[in-house]
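Chemist: Input: one structure, supplied below.
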Amino acid sequence: MINSDYLKNLNKAQKEAVMHLDGPLLIVAGAGSGKTKVLTSRIANIIKEKKAFPNQILAVTFTNKAAKEMQNRVSHILGSAAIGLSWLGTFHSICAKLLRKHASAANLNSNFTIVDTDDQIRLIKNICKAENIDIKQLAPRFILAIIDRWKNKGYYPSEVIINKKDIYEKTILPLYKIYQQKLTDLNSCDFGDLILHTVKILENYPDIRQIYSNNFKYILVDEYQDTNFIQSKWLNLLSEKNKNLCCVGDDDQSIYSWRGAEIKNFLEFDQVYENTKVIRLEQNYRSSQNILSVASNLISNNQNRVGKTLTTTMEEGDLVKLNCFKNGKDEAVGISDEIEKKLKKKYSFNNMAILVRAIFQTREFEERFLKIGMPYRILGGTKFYERAEIKDCVAYLRLIHQEKDDLAFERVVNNPKRSIGDTTLKTVHEFAKKNYLSLERSSIKMIEKNLIKPKTKIGLGFFLNSLNKWRNDLLIKKVSHIKLLQIVLDESGYSAMLKNKKDVDNENRLENIKELLSAMKEFDNLESFLEHVSLATSIDQEWDGEKVNMMTMHAAKGLEFDVVFLPGWEEGLFPHQKSIEEKGQNGLEEERRLAYVGITRAKKKAIISFSMNRFYQGDWIDSIASRFIEELPEKHLEKNSFFDEEAEEVDDFDFNQDFELEEGTRSPGWIRYQKKIK
């Protein structure tokens with residue numbers, strides 16, 4: 001039995017989107033506007049109106065979680081009729097299903113294996129070894145990122161046209177050819193292949209394309225703004241016959257271009273599909289009016305957008321707070337104080353979030369929260385002192401401080417690689433156990449007794465000599481603990497390993513290490529710093545129950561909280577300088593969309609902040625308030641004391657004019673403002 005109440009609680013625009021069944025439809029669904037309800041109600045309506053059987057409906061999402069949520073909601077409405085919805089899932093799961101039916105067309109057997117990231121890396125490493133490619137210079141993850149980019153563009157190896165400006169593509173293309181052949185030989189495919197192979201089959205075999213194009217009378221797609229070229233092409237081929245393609249999304253929340261998402265798929269939808277009906281869902285069911293007004297005013301500065309105006313039936317709510325702090329540390333203290341003294345009485349920790357642009361920003365908040373005993377969790381990331389590169393650095397320092405620290409010894413003895421394998425470590429362990437020695441002391445004894453293989457002896461000897469030298473630097477030469485870590489990173493080869501290895505993740509690792517060096521300046525010596533770290537990691541494990549949430553704005557998409565803090569709104573950090581340098585105006589607009597996503601995660605309170613000085617990469621730097629702050633509407637803002645009497649005496653300045661400057665220069669108005677309030 002179908003629950004006929006599925007239309008009852010829909011607003012006018014939602015109902016129109018559910019009832020309009022024939023032809024291409026673009027639903028521009030603003031933040032918190034109930035798009036999942038519309039999609040599920042639309043599926044129910046198609047079946048109720050006998051427009052199609054359940055197995056003639058294709059519904060596509062981006063995540064398994066979203067697919068499961070949609071399946072549950074549809075089942076609630078349709079009851080047993082939902083059992084026939086066999087084509088509801090993610091892009092990859094549906095393509096895998098299609099590919100298994102027609103595997104021979106892609107030179108595969110139907111029982112092909114889908115390889116994971118570890119398998120891919122292992123395969124690339126083997127190929128690089130055979131082709132004499134140094135993976136220290138060209139990391140497997142980077143090679144795979146380029147290959148994935150080509151697959152997202154719809155290119156098999158024979159179809160790739162090399163970008164002459166990219167010095168790596170010429171080297172990687174031959175590896176792509178070998179990699180792809182190896183996958184075929186192994187009767188395997190990676191995630192990129194699932195869609196690429198399926199699209200190629202649909203393109204090259206008209207009879208197969210006709211079967212599915214005829215069968216799928218209605219196609220529904222969630223988060224369409226996040227589709228890439230190959231996904232859009234797949235949908236185009238499958239909707240060829242019936243043209244009943246309904247895409248739901250929000251161009252103002254397109255923030256994944258770095259993953260290959262192309263916003264033009266959304267913006268040009270009505271140009272690709274003739275007679276497209278466009279319906280806007282502008283009724284927000286999440287945030288107060290003040291929050292929506294601030295977000296809408298900000299995003300209106302973007303030129304490449306469909307455009308919409310969000311409204312809410314909720315009360316106006318609190319003004320959006322805008323706080324200016326002297327420095328980043330004060331910002332962390334100010335936010336923690338507001339939570340402790342005002343907000344925790346009214347809201348649970350679980351309903352509060354701190355959303356940052358870059359994950360390294362969490363460090364100052366973690367330090368502060370640990371100090372005052374406020375529980376927190378890192379979502380979509382790892383706590384600062386639990387990140388691999390930070391644990392590596394701390395392990396080096398622990399071992400220098402305490403030679404019996406076998407756990408630290410194990411972590412760094414072959415990091416970076418020194419030809420010290422598991423077999424050698426096992427032998428050292430056995431010797432240590434037998435002779436009641438530490439691993440370091442055992443290694444020294446075994447070298448003296450010539451019990452280590454010659455090649456391994458060189459690497460192990462270098463490591464042991466370096467430890468002695470570093471201890472001498474610390475104890476005899478009285479080198480500071482900050483300088484000591486810099487020396488260790490250079491002389492161990494760890495810095496070179498990260499810098500020379502072309503890897504999509506290594507830039508973040510280097511940023512985190514710079515943040516660690518900054519954090520160490522707050523401690524008088526190595527011992528006090530190591531004590532702080534050990535307490536930080538042990539206290540973390542004891543917390544249970546409610547916790548303040550910390551994450552990047554990217555990780556927060558799709559989530560909502562009563563209270564949202566948005567710190568670090570400063571030029572260079574947000575909008576991020578790299579994004580603007582690499583993509584120009586398009587990069588700036590994506591950063592602004594990210595700001596929009598951040599603000600609209602808040603239901604009741606949004607607090608934006610920036611600091612005038614930030615301790616970054618070992619130095620204090622003067623910060624410039626983000627250009628986005630000038631785009632926030634004054635009447636919906638409440639500013640803290642830094643904006644009061646002192647600021648009023650400063651000449652007005654135009655952010656839009658002042659910030660069109662080269663990197664490194666300062667806005668004249670902002671310099672006057674800083675001088676006055678300092």
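Chemist: Just checking: which of the strands (runs of 3 or more DSSP E) contained wholly in the range 519-627 hold 1 or more residues that are at pLDDT 95 or above and open to solvent by 30 Å² or more (accessible area, probe 1.4 Å)?
Modeler: 602-616
Chemist: A further question follows. Would you say Gly459 is of a type outside the set (Lys, Arg), open to solvent by 30 Å² or more (accessible area, probe 1.4 Å) and closer than 23 Å to Lys136 by Cα?
Modeler: Taking the combined requirement at face value, the residue does not satisfy it.
Chemist: Out of Gly584, Gly568, report the one residue that is closer than 22 Å to Glu507 by Cβ and in contact (Cβ under 8 Å) with a residue 24 or more places away in the chain.
Modeler: Of the residues listed, the single one that is closer than 22 Å to Glu507 by Cβ and in contact (Cβ under 8 Å) with a residue 24 or more places away in the chain is Gly568.
Chemist: Can I ask one more? Only one of Glu223, Glu315 is open to solvent by 20 Å² or more (accessible area, probe 1.4 Å) and at pLDDT below 90; which?
Modeler: Matching residue, one of Glu223, Glu315: Glu315.
Chemist: Do any helices (runs of 4 or more DSSP H) entirely within the range 388-471 hold 3 or more residues that are closer than 24 Å to Gln486 by Cβ and not hydrophobic (A, V, I, L, M, F, W, C), and if so, which?
Modeler: Where helices (runs of 4 or more DSSP H) fall fully within the range 388-471 and carry at least 3 residues being closer than 24 Å to Gln486 by Cβ and not hydrophobic (A, V, I, L, M, F, W, C), they are 388-401.
Residue-by-condition table, conditions (1) touching a Ser or Thr at 6+ places or on another chain (Cβ under 7 Å); (2) without any contact (Cβ under 8 Å) to a residue 24 or more places away in the chain; (3) open to solvent by 60 Å² or more (accessible area, probe 1.4 Å):
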| site | (1), (2), (3) |
| --- | --- |
| Ile354 | no, no, no |
| Tyr376 | no, no, no |
| Gly380 | yes, no, yes |
| Arg387 | no, no, no |
| Val394 | no, no, no |
| Thr423 | no, yes, yes |
| His429 | no, yes, yes |
| Lys445 | no, yes, yes |
| Glu448 | no, yes, yes |
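Chemist: When the residues of the range 67-87 are narrowed to those that are hydrophobic (A, V, I, L, M, F, W, C) and open to solvent by 30 Å² or more (accessible area, probe 1.4 Å), which ends up nearest to the chain's Cα centre (by Cα)?
Modeler: Here the residue is Ile83.
Chemist: Out of all the residues in the range 153-169, which are of a type outside the set (Phe, Trp, Tyr), within 23 Å of Gln231 (Cα to Cα) and either open to solvent by 30 Å² or more (accessible area, probe 1.4 Å) or in a loop (DSSP other than H, G, I, E, B) (or both)?
Modeler: Lys153, Gly154, Ser158, Glu159, Val160, Ile161, Ile162, Asn163
Chemist: Another one. Only one residue in Ile178, Ile172 is under 25 Å from Glu582 (Cα atoms) and part of a helix (DSSP H, G or I). Which one?
Modeler: None of the others qualify; the one that does is Ile172.
Chemist: On to the next question. Search the range 135-150 for residues being assigned to a helix (DSSP H, G or I) and not aliphatic (A, V, I, L, M), and hand back the single one that is surrounded by the most Cβ atoms within 10 Å (Cβ to Cβ).
Modeler: Filtering first and then ranking leaves Pro140.
Chemist: Additional query: Answer yes or no as to whether Trp670 is open to solvent by 90 Å² or more (accessible area, probe 1.4 Å) and either at positive phi or at pLDDT below 90 (or both).
Modeler: When the stated conditions are applied, Trp670 does not pass them.
Matching residues to (1) surrounded by fewer than 18 Cβ atoms within 10 Å (Cβ to Cβ); (2) in a loop (DSSP other than H, G, I, E, B):
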residue: Ala13; (1), (2): no, no
residue: Leu21; (1), (2): yes, yes
residue: Ser33; (1), (2): no, yes
residue: Val38; (1), (2): no, no
residue: Ser41; (1), (2): no, no
residue: Ile46; (1), (2): no, no
residue: Ala52; (1), (2): no, yes
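Chemist: Let me ask you something else. Does the range 180-192 include one or more residues that are of a type in the set (Asp, Glu) and either surrounded by fewer than 19 Cβ atoms within 10 Å (Cβ to Cβ) or out of contact with any helix residue (DSSP H, G or I) (no Cβ under 8 Å at 6 or more places or on another chain) (or both)?
Modeler: yes
Chemist: May I pose another question? Out of the residues in the range 275-304 that are without any contact (Cβ under 8 Å) to a residue 60 or more places away in the chain and within 16 Å of Asp250 (Cα to Cα), which is surrounded by the fewest Cβ atoms within 10 Å (Cβ to Cβ)?
Modeler: In this case the residue turns out to be Ser300.
The values are calculated or read from the model by the stated rules, or taken from the named source; none is laboratory data. Computed from a prediction, not measured in an experiment: that's the story for all the values here. Virtual Cβ from ideal backbone geometry, glycine too; neighbours counted across all protein chains shown. Just the protein is used for accessible areas: all its heavy atoms, side chains included, with ligands, DNA and RNA removed. Shrake-Rupley method; radii C 1.70, N 1.55, O 1.52, S 1.80 Å.
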